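Only one structure is covered here, and it is reproduced in the block below.
Nothing in this text is a laboratory measurement; each read-out follows from the coordinates by a stated rule. Please read these numbers as outputs of a predicted model, since none were measured by experiment. Methodologically, a virtual Cβ is constructed for each residue, glycine included, from the backbone with ideal geometry; neighbour enumeration extends over all protein chains shown.
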Amino acid sequence: MYKDWNRRPFSPNQRVIADFIQKNELRVLYMTEQEMADELHISIASVSRFWKAAGYRHAKDFKNSLRFRFESTPSEKMRDAMQRTGGSSLPQMLLEVASHHLQETSRYLNETLLQRAVEALSSAKHIYIYSPGPCVGLAELMAYRMARYGLNLKRMAPSGHELMEALMHAGKKDVVLVFGFVQLLPETEVILDYAREAGYLVILITDRLVYPRSQDADIVLYAGRGEVWEFHSMVGPTYIIENLILGVGLLNKDSSLRKLEKLQKLRAQYGSKLPRS
């Protein structure tokens with residue numbers, strides 16, 4: 001919904017409006033143009049002109065689009081994905097969707113930031129991973145692969161007070177990697193808030209080009225997953241994670257290879273005695 005807003009030639013006032021909307025989506029649904037103008041200390045004419053500049057006919061058109069986002073349930077997303085197949089081949093449709101997400105992720109991939117993330121992970125004393133909901137598989141993949149390099153990775157509780165059981169140990173020289181998809185969760189806010197006090201570095205992987213409080217993260221990596229109301233693919237985020245895994249391996253190539261060779265020797269020595277999981 002906001003994907004092209006960073007590229008639009010917004011005026012200074014229009015950028016203020018765009019920022020306000022993204023941080024106050026639920027409020028905006030019920031605000032009049034006059035109320036927005038009063039709160040932002042700009043003219044109502046500036047608010048009225050914003051909608052066309054953002055790609056909408058008027059405020060009502062934008063609010064209808066926003067309302068559809070909030071009303072999209074898992075069943076709606078699945079129904080939308082099923083309808084897209086029509087009479088076409090499902091594998092072909094999914095391949096096209098995956099290709100689109102990968103191309104979009106690659107388009108916005110900042111290799112300098114990616115390398116900074118690789119270096120931060122490689123040198124971290126501990127790596128904490130916050131992976132709510134469907135992100136759990138990405139965290140498992142990352143932890144499984146990177147543990148082979150000898151890195152110390154810990155999964156954080158997905159919600160509630162249990163999050164603090166891990167967060168209390170995070171400090172300087174540590175990295176907290178956060179998956180921030182669709183909306184800003186209270187747990188993510190706590191992680192960002194506490195970073196200022198504890199001193200750990202935050203890597204944010206998000207599917208939004210403009211994500212609330214992204215400025216409070218040290219490194220932000222974008223991974224395309226489709227619009228909010230669509231069935232979300234994990235191809236883009238997996239691409240980012242595999243870049244991080246291989247990047248860390250390449251940064252410490254000799255050490256990484258020694259670890260993997262040791263694993264192979266253990267497998268050769270004891271593999272026949274242990275069942276494969």
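Relative to the dominant Cα principal axis of the chain, helix 136-147 is inclined by about 40°.
Note that segment 203-217 has calculated 3J(HN,Hα) couplings of 9, 10, 10, 9, 9, 10, 5, 10, 10, x, 6, 4, 5, 8, 8 Hz, one per residue in order, obtained from phi through the Karplus relation 6.51 cos²θ - 1.76 cosθ + 1.60 (θ = phi - 60°); glycine and proline are x.
When +1 charges are put on Lys and Arg Cβ atoms and -1 charges on Asp and Glu Cβ atoms, the dipole computed for the chain relative to its Cα centre reaches about 1000 debye. Each Cα pair under 8 Å and six or more residues apart adds its sequence gap; the mean of these over the residue count of the chain is a relative contact order of 20 percent.
Please give me the summed charge of the neighbours of SER255: other residues whose Cβ is under 13 Å from its Cβ, Lys and Arg +1, Asp and Glu -1. Overall, the nearby charge balance is +3. For ASN110, nonlocal amide neighbours, meaning residues 5 or more places apart or on other chains whose placed amide H falls under 5 Å from its own, are TYR222.
Note on segment 133-277: Cα-Cα pairs beyond 23 Å make up 44% of the total pair count. Magnitude of the charge dipole for segment 7-71, about its Cα centre and with charges confined to Cβ atoms of Lys, Arg (+1) and Asp, Glu (-1), is about 360 debye.
How do the peptides 265-274, 29-38 rank, highest first, by the average count of neighbouring beta carbon atoms within 10 Å per residue?
Packing order, densest peptide first, comes out as 29-38, 265-274.
In a DSSP loop and with at most 14 other Cβ atoms within 10 Å, the trypsin sites (Lys or Arg not before Pro) in segment 172-203 are LYS172, LYS173. Across segment 10-15, coupling constants 3J(HN,Hα) worked out from phi with the 6.51/-1.76/1.60 Karplus curve, θ = phi - 60°, read 5, 6, x, 5, 5, 5 Hz, and Gly and Pro carry x.
For the chain, the antiparallel share of DSSP beta bridges with both residues in that region comes to about 0%. Amide H contacts of TYR128: LYS154, VAL175, VAL176, LEU177, each under 5 Å away and 5 or more positions distant or on a separate chain (H built 1.01 Å from N in the peptide plane; Pro and chain starts excluded). Taking every Cα-Cα distance in segment 120-171 and sorting them into 5 Å bins from zero, the calculated P(r) comes out as 4, 21, 29, 24, 17, 4, 0 percent. For P(r) over Cα pairs in 10 Å bins from 0, in percent, computed directly from the structure shown, the correct entry in (i) 6, 26, 32, 21, 10, 4, 0; (ii) 7, 31, 35, 20, 6, 1; (iii) 6, 24, 29, 24, 12, 3, 2, 0 is (iii). Helix 74-85 axis versus longest C-alpha principal axis of the chain: approximately 90°, rounded to the nearest ten. One chain, two ends: GLU111 and TYR30. Fully extended at 0.36 nm per residue, the span grows by 25.1 nm beyond their Cα-Cα distance.
In units of the rule-of-thumb radius 2.2 N^0.38 Å, segment 97-194 shows an alpha carbon radius of gyration of 1.14.
Were the residues from ALA143 through SER123 laid out at 0.36 nm apart, the gain over their Cα-Cα distance would be 5.7 nm. Among residues other than ALA124 whose Cβ falls under 9 Å from its Cβ, what is the net charge (Lys/Arg +1, Asp/Glu -1)? That sum, taken over residues with Cβ under 9 Å, equals +1. Rounded to the nearest 10 degrees, the angle from helix 186-198 to the longest Cα principal axis of the chain is 70 degrees.
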